[in-house]
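Colleague: Handing you a structure now.
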Amino acid sequence: MDVTYRILRFNPDTDSAPHYETYRIEVPDSATVLDGLQAIKDVQDGTLTFRRSCRQGICGSCAMRVNDRERLACNTQISHVADGNELRVEPLANMAVIKDLAVDMTPFWQKFNAIVPYTIHAGERPEREYLVSNEKVRHLQQFAGCIQCGACYSACPIVGSDPEYLGPAALAKAYRFVGDPRDAAKKERLGIVGSERGIWRCHTIFNCTEVCPKGVDPTYAIELLKKATIRRKLGLG
Amino acid sequence: MLRHDILIVGAGLAGMRAAVAAAQDGSVDIAVISKVHPLRSHSGAAEGGINAALTEGDTWESHMYDTVKGSDFVGDQDAIEIMCREAPDEVWWLEHAGTLFNRTATGEVEVRAFGGASVKRTAFVADMTGHALLHTLYEQLVASGVKVYDEWYVLSLATDGGTCRGVVAMDIRTGELHPIQAKAVILATGGNGRIYSGRTTNAWINTGDGMAMAYWAGVPLADMEYVQFHPTTLKSNGVLITEGVRGEGGYLVNAQGERFMARYAPTKMELGPRDVVSRAEQTEINEGRGVDGCVFLDLRHLGEAYIMERLPQTRELAINFAGVDPVHELLPIRPGQHYAMGGIRTNLDGETVLPGLYAAGECACVSVHGANRLGANSLLDTLIFGRRSAEKAIQYVKEVDFGTFPESEVTRQEERIRRVLARQGNERIGLLREEMGATMAEKVGVFRTEAWMREGLATIKELQERQHRAPVDDKGKVFNTDLTAALELEVMLEQAEVIAVSALARTESRGAHYRLDYPERDDANWLKHTLAYRGEGGPRLEYADVTITRYQPEERKY
């Protein structure tokens, strides 16, 4: 298959503004967007810069915008998304570009840290495991399955308009703890996500849910956090 | 100069477990350095689970015996005993830290069947166990407040007076080199599977940087000939399909629909150890009972609901990368490189022969896996020996001072990079990498002979020369992944040579090292570890005894 990549490139050493560069490349019919990028780098232009590691949709390195939508380059088949035989590849939005397709995720990680992203226990720990129902575990696994790729953060228009907004990934992470019966910091965490930077800024636009490559559904997590907050305010739990 | 009491290189499970354990002390300054953000580490791609004798009726002795037998009796039994005894508490530690293990109907951690195990003993988080553990460890790392240098590429160890004094590293973001002084360095850099590029389950980052660094610093690499081929990998891109599929009842069938494992491991069938199953598959393929270089995994009888509960990622991977929905269709698979049983030789506390240098996880060889690792023992290995290395390093750094950092090492690395950036010629880094991978898969693969390995070694030596004619297109400073790719190729070609030389010397078959010209295990001559030291013209091999405590070698049948 003959594919044309139009890639938004930016090298801070030499460029004053981003610009598109075009590459034509022959790839197998089953090739992924990442396969094509790697082939360009290997054969045509070693300066092309992008992050990648696992190439199986689990490490979260290679989220980028492909034909106007956030995707993992590694688990996206070219044939499924090419417009004609053309792909337009751009870095994630809502974060500064370091070089080409690599963005500075510092604010994303700061927000991850802001929700106190670790289990906090009260009292003695059991000798073995805490008893938790499999139903509860499976419910939480959906949110814990987040790979922190940043696709939702890029797609969220609220993040775009308010850089202080915690954003869908951090909020989904917060729900993963708030919903966990082993965690003892529910009140503190609901305080953090209930701040003016948190859940009430969400306009339920569902962009995050649509682009999530892992089916995490951050909008659902945000709604569950809203529900928990309201119940607490009403003295119901 | 940047300076920390303990510097941990690599932020996968071993590195982060070491960091979290070290941070508990509270009085020691710790930092973690990794060429990627910790959550991008390849531990996250582990799927099936983690072994521990958790259930009534299971014992650490049984876990130990299975592991020793799985290792083809060349694993060190003192190390295996420690791992198996400490396993349950490590799983409880993870559970308390928040890992969402799948549960039984009564809310306890559930276990599934896995290869080479005599009972169900693999705790799991669907088929994304590595991901779950990696994120749990990162949460704990954030909680510990340990400094993390992410997207820093460590170039070399700095040694002075026969002691490790720190590292020289490049901040990938700026391209600047920095010496980092440390009393203790713990290498936790993971595997080197990209040496088998095109035929490996490993991530792009798994280039064995730590193994190469230690080797350059005079530390021996042990048992590098034992390269695990996982039986179920996808042909298109080598992605792993978990052994948990077979643990949950999946079948392996050939082109005739026959469950061929009955002819190779009649008792354990699909749950034989990986070396045995991979050889069985390759034999089926070689003898014409495969299709297009593959045999098949059959999950259809498990049903959609069960697959979605316990193997959801497997379905996603099969659909994305093989175009097959395993709920309804046979999934073509073949053996692919998966794991390095060998690595930096350490003792039970992660210490190497170089004072101040420790290693843990896949980059290390302690050795708990011997000639063949059992599935779901690697996550366990990373955690147990990551923690133990940190505990030992804590004691060490309280007793020693920083010494002198050898500035010459910075100069040496600056020159190395200048030389790489100045390369000229018609070769391409990416194409040499693929040639290396194809050579190793074909010549030092599932089946080996002296002739093939000699050819393979000759090609690797050629590639080592040719890389000097593979220019780096990117001459810039910022985020130069073209430069790091060149450096990674350099370290992989060095290790490829060690693998081939170690394998050529071992004139027997044991575990994953199977020679058609020496098909029998030879305990009289070869019940010993290979130690490869860096010599003038290539690796210099020595041998070391295997520690046997409880279980004498016996015939290995499944």
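Colleague: Counting other Cβ atoms within 10 Å, which GluC sites (Glu not before Pro) in region B:183-272 have at most 16 and lie in a DSSP loop?
Modeller: Values: sites: B:GLU225, B:GLU243, B:GLU248, B:GLU258, B:GLU270; in loops: B:GLU225, B:GLU243, B:GLU248, B:GLU258.
The qualifying sites are B:GLU258.
Colleague: So which trypsin sites (Lys or Arg not before Pro) in region A:1-92 pass both tests, a DSSP loop state and at most 12 other Cβ atoms within 10 Å of the Cβ?
Modeller: Those that pass, being in a loop and sparsely packed, number zero.
Colleague: On a 0 to 90° scale, report how tilted helix B:274-286 is relative to the longest principal axis of chain B, with both axes built from alpha carbons and the result rounded to the nearest 10.
Modeller: The helix B:274-286 is inclined about 70 degrees to chain B.
Colleague: Measuring from label point to label point, each 7 Å out along Cα→Cβ, what is the A:ARG128 to B:VAL119 span in nm?
Modeller: Between A:ARG128 and B:VAL119, the label points sit 1.2 nm apart.
Colleague: In what sequence, highest mean first, do A:105-115, B:352-362, B:513-523 appear when ranked by Cβ atoms within 10 angstrom?
Modeller: Working: A:105-115: 17.9, B:352-362: 26.5, B:513-523: 16.3.
Going by the mean number of other Cβ atoms within 10 Å, highest first, we get B:352-362, A:105-115, B:513-523.
Colleague: Which whole number gives the average, over all residues in B:123-130, of C-beta atoms from other chains lying within 10 Å of the residue C-beta?
Modeller: So the per-residue partner count for this stretch is 2.
Colleague: With charges set only on the Cβ (+1 for Lys and Arg, -1 for Asp and Glu), what does the dipole of the protein assembly as shown come to about its Cα centre, in debye to the nearest 20?
Modeller: It works out to roughly 1360 debye.
Colleague: Of all the accessible heavy-atom surface of region B:426-554, with the other protein chains kept in place and a 1.4 Å probe, what percent is carbon and sulfur?
Modeller: That fraction is 47 percent.
Colleague: Quantify how strongly other chains surround peptide B:101-107 by giving the mean number of their Cβ atoms within 10 Å of each of its Cβ atoms.
Modeller: That works out to 5 on average.
Colleague: Further question: Mind checking the per residue accessible area of chain B for me, 1.4 Å probe, whole number of Å²?
Modeller: 31 Å²
Colleague: Once fully extended, how much extra length lies between B:GLN395 and B:THR104, figured as 0.36 nm per residue of separation less the alpha-carbon to alpha-carbon distance?
Modeller: Working: separation 291, 0.36 × 291 = 104.76 nm, distance 4.05 nm.
Extra length available between B:GLN395 and B:THR104 comes to 100.7 nm.
Colleague: Another question about this same structure. Over region B:512-552, what number does the Rg to Rh ratio reach, with both radii from the alpha-carbon atoms and Rh per Kirkwood?
Modeller: With Rg and the Kirkwood Rh in hand, the quotient comes to 1.06.
Colleague: Average projected area of the Cα convex hull of region A:165-233, in nm²?
Modeller: So the mean shadow area of the Cα hull is 4.4 nm².
Colleague: Express as a percent, rounded to the nearest 5, the fraction of DSSP beta bridges in the protein assembly as shown (both residues included) that run antiparallel.
Modeller: Within the protein assembly as shown, antiparallel bridges account for around 70 percent of the total.
Colleague: Considering only C-alpha atoms, what is the centroid distance from region B:199-225 to region B:392-406, in Å?
Modeller: Centre-to-centre distance over Cα atoms comes out at 25 Å.
Colleague: In addition: Once the Cα atoms of helix B:481-505 and of chain B are each reduced to a long axis, what angle between those two axes, in degrees from 0 to 90 to the nearest 10, is obtained?
Modeller: 60 degrees
Colleague: Another one. So which cysteines of the protein assembly as shown have no other cysteine's Cβ under 4.7 Å from theirs?
Modeller: A:CYS62, A:CYS74, A:CYS146, A:CYS149, A:CYS156, A:CYS202, A:CYS212, B:CYS84, B:CYS164, B:CYS294, B:CYS363, B:CYS365
Colleague: In whole Å and largest first, what semi-axes does the C-alpha gyration tensor of chain B yield when each eigenvalue is scaled by 5 and square-rooted?
Modeller: Values: eigenvalues 236, 151, 107 Å².
Over the Cα atoms of chain B, the ellipsoid semi-axes are 34, 27, 23 Å.
Colleague: I would also like to ask the following. Once you have the alpha carbon radius of gyration of region B:216-321, what is it after dividing by 2.2 N^0.38 Å, with N set to its residue count?
Modeller: On the way: Rg = 15.7 Å, N = 106, 2.2 N^0.38 = 12.9 Å.
Ratio of Rg to 2.2 N^0.38 Å for region B:216-321: 1.22.
Colleague: Per residue in region A:60-98, which ones lose no less than 20 Å² of accessible surface when going from chain alone to all protein chains (1.4 Å probe)?
Modeller: So the qualifying set is A:SER61, A:ASN75, A:GLN77, A:ILE98.
Colleague: Nearest 100 Å² is fine: what is the total accessible surface buried where chains A and B meet, probe 1.4 Å?
Modeller: Details: alone 12320 and 19830 Å², together 26830 Å².
Interface area, both chains combined: 5300 Å², rounded to the nearest 100.
Colleague: What 222 nm value per residue comes from the helices of chain A, counting each DSSP H run with n ≥ 4 as -39,500 (n - 2.57) and dividing by all residues, nearest 500 deg cm²/dmol?
Modeller: -9000 deg cm²/dmol
Colleague: 7 Å from Cα along Cα→Cβ at both A:ASN85 and B:GLN24: what's the point-to-point distance in nm?
Modeller: Taking the two extended label points, one gets 5.9 nm.
Colleague: Sticking with this structure for a sec: Based on the alpha-carbon set only, what is the convex hull volume of chain A divided per residue, in Å³?
Modeller: Hull volume normalised by residue count: 148 Å³.
Colleague: Which of the listed residues, A:TRP109, A:GLY160, A:VAL216, is farthest toward the dipole's positive end in region A:89-237, when Lys, Arg count +1 and Asp, Glu count -1 at the beta-carbon?
Modeller: Farthest towards the positive end: A:VAL216.
Colleague: Loop-only trypsin sites (Lys or Arg not before Pro) in region B:88-170, please: DSSP not H, G, I, E or B, and at most 10 other Cβ atoms within 10 Å.
Modeller: Qualifying residues, ordered by number: none.
Colleague: Looking at chain A, identify the longest residue range that excludes and avoids all GluC sites (Glu not before Pro) in DSSP loops having at most 16 other Cβ atoms within 10 Å.
Modeller: Longest site-free region, per DSSP loop and neighbour criteria: A:1-123.
Colleague: A further question follows. Roughly speaking, what is the stretch gain from B:THR267 to B:LYS528, that is 0.36 nm per residue apart minus the C-alpha to C-alpha distance, in nm to one decimal?
Modeller: Extending this stretch completely gives an extra 91.1 nm.
Colleague: Cα gyration tensor of the protein assembly as shown, axes a ≥ b ≥ c as square roots of the eigenvalues: rounded (a/c below 1.5), prolate (a/b > b/c) or oblate?
Modeller: Because its axes are fairly even, with a/c under 1.5, the protein assembly as shown counts as rounded.
The values are calculated or read from the model by the stated rules, or taken from the named source; none is laboratory data. Here the structure is a predicted model, which means the values were calculated and not measured. All Cβ positions, even for glycine, are placed from backbone atoms using ideal geometry, and neighbour counts span all protein chains on display. When the accessible area is computed, the model is the full protein with side chains, heavy atoms only, and any ligands, DNA or RNA have been set aside. Shrake-Rupley method; radii C 1.70, N 1.55, O 1.52, S 1.80 Å.
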